[in-house]
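The values are calculated or read from the model by the stated rules, or taken from the named source; none is laboratory data. Model, not experiment: these values are computed from the prediction. All Cβ positions, even for glycine, are placed from backbone atoms using ideal geometry, and neighbour counts span all protein chains on display. Accessible surface areas use protein heavy atoms only, side chains included; no ligands, DNA or RNA. Shrake-Rupley method; radii C 1.70, N 1.55, O 1.52, S 1.80 Å.
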Amino acid sequence: MIRFPRVNGRLTLFAAATLALSTFHTTLALAEDGWFEQAQADSGHQMFNNYCAQCHGPELTGAAGPALVGQQFLAHWSNKPLSDLYGFEHQNMPATNPGSVPADQLWKITAYILQKNGFPAGNTAVAANASRQVPAKPTSGK
């Protein structure tokens, strides 16, 4: 068994505590910075109405297509990166012409969907959050 001097044990504890605080700070900063820019969600609202509302309803509660708001929607996408949602939208939507919505417009629609699910706006573009894991419940904003 390897024995470390007491100093190394304290340094290891200090390093672990520093890492934990750093991770907490990064998570807190991301939560405070929101999931999208408000202007993206505002533009996404109109684009949603143009491309998506016919099947998903103007309130995103479902019609011919499933609801895009609420616990069932969040449960399906939680613990997955936001890019999974975007990728699904890109490959499958709109159902009548999959992949036809330009990427920048689709990201704005995604921002609108996040907003309708209670996710906060911030200073970071939605596409920059592609690798973030979608939580089961929206994180509070600033």
Seminar exercise, completed: Per-residue accessible area, 1.4 Å probe, largest first, puts 88, 36 in the order 88, 36
Seminar exercise, completed: The relative contact order of the range 37-84, taking Cα pairs under 8 Å that sit 6 or more residues apart, comes to a percentage of 17
Problem set entry | Interatomic Cα distance distribution for the range 44-142, bins of 5 angstrom, percent | 3, 13, 25, 29, 20, 8, 1, 0
Exercise. Could you give me the ³J(HN,Hα) list for the range 94-106, computed from phi with Karplus coefficients 6.51, -1.76, 1.60 and θ = phi - 60°, whole Hz, x at Gly and Pro?
Worked result: x, 4, 7, 7, x, x, 7, 7, x, 3, 5, 6, 5
Problem set entry | Accessible surface, 1.4 Å probe, highest first, among residues 56, 90 | 90, 56
Exercise. Of the listed peptides 91-103, 63-75, 112-124, what is their order by residue-averaged count of other C-beta atoms within 10 Å, with the highest listed first?
Worked result: 112-124, 63-75, 91-103
Seminar exercise, completed: Note: residue 136 to residue 46 extended length (0.36 nm per residue) minus current alpha-carbon separation gives 29.8 nm
